[in-house]
Every structure is written in C-alpha cells, then in structure tokens.
Amino acid sequence: MKSIRLIAVGVLALGTAACDRQQASPANPPGTAAERSLDRAAGTNVSGAFPMQSDGMPGNPPGTAAGRAVDRTLGTSGSR
C-alpha cells in the first residue's frame, strides 16, 4: 500500500513539473489565456506576455489616460 502511494505521489509530481516546463516554452507565453486576453483588450501586462504594454514603456506612458488628462488640464504631474 505504501509503494502505491509513493508511485501516485511521484506521478503527480512529474505531471506538475511537466506543466511548469510547458508554461515557459516559446510556443506558450507567460500567463493564462484569460490573462493574455485581458492584456490585449485593456492594453495591460497582467500576464507578463506583453512587456511593451507595461506602465512607463514608450508605447504606454506612466499613469492612466484619465490621470494624464487631469494632469494636462490642471498643469500637475500626479500621474508620473
């Protein structure tokens, strides 16, 4: 009985390790499909698959669009 449990634990551990390796492969970018969909729709980098969409990058300046609009209107720099 003990050996069956050890085998089961070993199989589960190997299965988990195999999943981790697949997550890091070039064909499967970081994050889940749902996170990547959110990133594409919202222009964010929640999943880690879109580093150019991170806050402060050339294509995405610091702060939110609303915060930058307030800064422009009031002449402040709160979004930076």
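The values are calculated or read from the model by the stated rules, or taken from the named source; none is laboratory data. The shown structure was predicted, so the numbers you read here are calculated from the model rather than taken from an experiment. Note that we place each Cβ from the backbone using ideal geometry, even for glycine, and neighbour counts take in every protein chain shown.
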>> For the stretch 37-44, check the following and say yes or no: at least one residue is over 21 Å from residue 61 (Cβ atoms), part of a helix (DSSP H, G or I) and at pLDDT 85 or above.
In response: yes
> What is the number of the single condition among (1) in a helix (DSSP H, G or I); (2) at pLDDT below 80 that residue 79 does not meet?
Replying inline: (1)
